[in-house]
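A short worksheet on the structure shown next.
The values are calculated or read from the model by the stated rules, or taken from the named source; none is laboratory data. These figures come from a predicted structure and were not determined experimentally. Note that we place each Cβ from the backbone using ideal geometry, even for glycine, and neighbour counts take in every protein chain shown.
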Amino acid sequence: MRTKTKTTALLCGASVLAAGMAMASAAQADWPERPIRVIVPFGPGGTSDQVTRTFQIAIQENDLLPQPINVLNVGGHYSVGARQVMEAEPDGYTFLTLHIALMGGEAGGMLDFGYRDFEPVATTGQFCLTPVVRKDSGFDTVDDLLAKAAEEPDTLLFGANLGAINHMAGIMLQNSEPGAEFRFVQIGGGAENFTALTGAQTNVSVLSAAEVINFTKLPDGSDNPEAQIKPLAYTGPERNAKLPDLPTLTELGRDVEFCVDSWWFAPKGTPAEAIEGFAAALEAAAETDAIQTFYADRTFGPVFLKGDELQANLDETWERIEPVAKQAGQQ
Amino acid sequence: MEGVLTGLMGGLAIVFTPMGFFYVALGTILGISVGAIPGLSGAMLIALTLPLTYYMPATDAIVLLIGMYVGSITGGLITATLLRMPGTPSNVMTTFDGYPMARAGKPGRALGLGIAASFAGGIISWWFLLLLAKPLSIWATRFGPFEYFTLILMAMVLIASVSQGSLVKGLIAGLLGMLVSMPGIDPSSGMPRLTFDQHQMTSGLKLLPVLIGVFAVSQIISDVLDIGRKIERVESAKSGIMIKARDWWRYGGNMLRSGLIGTLVGILPGVGASIGSVIAYTTAKNVSKTPEQFGKGSEEGIVASETANNATVGGALIPLIAMGIPGSVIDAILIGALMIHSIQPGPTLFITNPDVVYAMIAACLIGNIIMLAVMTGSVNWVAKLAYIPRTYLLPIIIVCCVIGAFGLDNVMFDVWVMLVFGVIGFLLERARYPLGPFVIGFVLAPLMESKLRTGLMMTAGSITPIFTRPIAATFLVIAIVLLVWPLIGEWRRRRAEAAGVAG
């Protein structure tokens, strides 16, 4: 029953939005004429898959596009799905969702292509990270942690997925303190690093804010006494609403801001009307209750970028990430 | 304890609503059917169903997926036994003894034992899931890279002991399997290796296409070559499908041991059902009074393999429910299904969504019971599969194999990998290189490598923790014993024989 009420509420919101969209879609009468395919270069169930499918549902339930969207998971290494989109016919019916891994792969030397080989479509939301340590580690602040890493370089075990997001974040963190050096060890993603820290196999890692809340907080927002780990800081531009006591790294005087944006790309040469049309549908979808709830649940920042603003943001991100990813590749 | 009971009642109440029961039953039956088709795996079924569940209430979605999970692991036993094509990777060990038994005219008996063992495995791990989820998942976090490494080393020892015929050929096959697992992303640098400039190879040679190729496609090739020959019609003894009280008694110890192994292996993230059945099978062989029967139609072998692979299902759900850590590939998909419904699996799931937790636990129980009923009810009919002319059966199976290889990741390259490995598997068999060691090498080597290299990164190159960490040292000792025990047995047997001849 509850689901039905929710759907009705969505449909009400949809009609308002649809009115706003009517003008936009009239201008692009030619696109889309057939179903649109979005490739997620990861298996089902992960964050990228959830973002893509939540948008798919929001666009469809609110009739933001006259044609259906099909989401296709291309598993294995993410470069396989990304390359498939890069080489696809640029007819406006193939899109890709991916994140900073694309830049990391290019700068680290493992990919022979990068974000400049695609047409950027939009950025929909971002999640930021938190350095975490064990509660019994004796570290209460990032300063404590990095002081130790500088005092005894290459002794603190930093759990990461080498070459990936958490590795780059770790490098940015250690670079913010002269002489500090972690010893990066291959552990994997969030769940694996939570396990390794809980089992005292590693000393430090980074998790997404949503993972930290899940692993360390009780439903009412208080601390979970059973949790073995604690966050030290937040890599976002502002404090996280669900972790209000956690300072940002910039507040602490460290020039580290690192968030992971969800990017939508199209093959190079895709007609502008398709890119603009799809970006407009995503923008309208981002305003729906479904997406807003999704963002709030996962403490995503509700960023939306398209067009020139997006291009500038991508170039700026590349400037920051390239040297870090190079450093990661040399480990 | 009372809380558990109340919670379980609540979970059963959800599962026994008409829709809830419908979804568990549907999931289990679909799981069995897909599991029984070589090439199609439970992971693929669940991945394909996942988008549909986004439109369903959370508890219905999750009980449907759990039913599929339980069903698919069991369904694979049917074709493993009757056609020597494991329905899913975790049934590989079952082919070693199930198929010889079926060939010897006892397909019903082999299936009956497999079904009973599957049920026993499911129920054993279910009790752990219900009662000990929390302490067990905390225990599992103590598993560092060196513990994993020695655990896998222990399973590797099986390469020597499942080799039929020439030990040297067995070892060569095992090493070939390890070699084939090497291309892809280097686990400690994140860079591609041995990809020969084929960008598809960045993902490496994936488990499913290689396994379908080596076991199903190669079998199809050899069946096609023999197609003119009349199939020997082994008379199937109708009796034997319902296993007797005596069998439960006889195999009770084996089931308990294999169920425990399967549960504990299932809890460890990243170590799947295949490895659970490998370890249980080796252990059963090593404690057996008739180890020489293993690989030739040993009932104990079927029981060990099928109990353990079903037990990993409940085992893998333990860290998922208690801590939000996926214990298997399928669990990772289940987490996605929950999160889409704004349910965050994690240490507080018991507090935030007790209804979902107990619905999962109840679905696991009911799924196993439905599985037992459906399999027992249909087995007489299913066993006839062995007598369908191959000319009808093989084209259908090869189509399913292609769909299965493509459907998992939606990449055509995987289909070519499968076909190439079909030819490789066929040639290996012809040259009498056993496939068992090949598969074990292929499955275990990547895990073993990545764990060892992670461990060495932690210690800056020192291997001593293998001897000093208690769990790791225990596994190491067991591995050595497993390796040496059969040799001692063989030596003593020969000495006794020699003495007999001399006397």
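Values computed for the structure shown
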| quantity | calculated |
| --- | --- |
| Helices (runs of 4 or more DSSP H) lying entirely in segment B:395-484 (those with 3 or more residues that are surrounded by 23 or more Cβ atoms within 10 Å (Cβ to Cβ)) | B:413-430, B:435-459 |
| Contacts under 9 angstrom Cβ, first residue in segment B:99-123 being at negative phi, partner of a type in the set (Phe, Trp, Tyr), 6 or more apart | B:Ala110/B:Tyr99; B:Leu113/B:Tyr251; B:Ala116/B:Trp248; B:Ala116/B:Tyr251; B:Ala117/B:Tyr251; B:Ala120/B:Trp248; B:Ala120/B:Tyr251 |
| Residue ID - surrounded by the fewest Cβ atoms within 10 Å (Cβ to Cβ), chosen from residues in segment A:189-202 that are facing chain B (nearest Cβ under 10 Å) and assigned to a helix (DSSP H, G or I) | A:Glu192 |
| Count of segment B:303-326 residues which are over 18 Å from B:Phe350 (Cβ atoms) and within 14 Å of chain A (Cβ to nearest Cβ) | 0 |
| Scan of segment A:280-309 for residues that are without any contact (Cβ under 8 Å) to a residue 60 or more places away in the chain and either away from every other protein chain (no Cβ under 14 Å) or farther than 23 Å from B:Gly336 by Cβ (or both), ordered by number | A:Gly307, A:Asp308, A:Glu309 |
| Qualifying residue in segment A:101-119 (condition: assigned by TED's automatic domain parsing to the domain that holds A:Gly269, surrounded by fewer than 21 Cβ atoms within 10 Å (Cβ to Cβ), under 18 Å from the mean Cα position of the chain (by Cα) and of a type outside the set (Asp, Glu)) | yes |
| Qualifying positions in segment A:123-149 - over 18 Å from A:Gly253 (Cα atoms), surrounded by 22 or more Cβ atoms within 10 Å (Cβ to Cβ) and of a type in the set (Ser, Thr, Tyr) | A:Thr123, A:Thr124 |
| Breaking point among (1) touching a Pro at 6+ places or on another chain (Cβ under 9 Å); (2) in contact (Cβ under 8 Å) with a residue 24 or more places away in the chain, for B:Thr59 | (1) |
| Exclusive hit being under 15 Å from B:Ala61 (Cα atoms) and buried (at least 24 other Cβ atoms within 10 Å of the Cβ), set B:Gly35, B:Gly31 | B:Gly31 |
| Condition met for A:Gly170 (without any contact (Cβ under 8 Å) to a residue 40 or more places away in the chain and within 23 Å of A:Ile213 (Cβ to Cβ)) | yes |
| Members of segment A:250-264 found to be out of contact with any strand residue (DSSP E or B) (no Cβ under 6 Å at 6 or more places or on another chain) and β-branched (Val, Ile, Thr), listed by number | A:Thr250, A:Val256 |
| Residue that is farthest from the chain's Cα centre (by Cα), among those in segment B:221-238 that are outside any loop (DSSP other than H, G, I, E, B) and modelled with pLDDT under 90 | B:Leu225 |
| Output for segment A:26-65, where each listed residue is hydrophobic (A, V, I, L, M, F, W, C), away from chain B (no Cβ under 11 Å) and either under 14 Å from the mean Cα position of the chain (by Cα) or closer than 19 Å to A:Ala286 by Cα (or both) | A:Ile36, A:Val38, A:Phe55, A:Ala58, A:Ile59, A:Leu64, A:Leu65 |
| Single residue of A:Leu162, A:Leu157, A:Leu102 found to be more than 10 Å from chain B (Cβ to nearest Cβ) and touching a residue at least 24 places away in the same chain (Cβ under 8 Å) | A:Leu102 |
| Test: residue in segment A:162-176 that is at pLDDT 95 or above and not in a helix (DSSP H, G or I) | yes |
| Cross-chain or 6+ apart pairs with Cβ under 9 Å, segment B:435-454 first and more than 14 Å from chain A (Cβ to nearest Cβ), then at pLDDT 90 or above and not in a helix (DSSP H, G or I) | B:Gly441/B:Ser181; B:Phe442/B:Ser181; B:Phe442/B:Leu205; B:Val443/B:Ser181; B:Leu444/B:Ser181; B:Ala445/B:Ser181; B:Ala445/B:Met182 |
| Any hit, segment B:355-364, residues being of a type in the set (Gly, Ala, Ser), farther than 16 Å from B:Gly276 by Cβ, more than 9 Å from chain A (Cβ to nearest Cβ) and within 24 Å of the chain's Cα centre (by Cα) | yes |
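Per-residue answers, yes or no, for (1) buried (at least 24 other Cβ atoms within 10 Å of the Cβ); (2) more than 14 Å from chain A (Cβ to nearest Cβ):
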{"position": "B:Trp248", "(1), (2)": "no, yes"}
{"position": "B:Ser258", "(1), (2)": "yes, yes"}
{"position": "B:Ile279", "(1), (2)": "yes, yes"}
{"position": "B:Lys296", "(1), (2)": "no, yes"}
{"position": "B:Gly301", "(1), (2)": "yes, yes"}
{"position": "B:Val329", "(1), (2)": "no, no"}
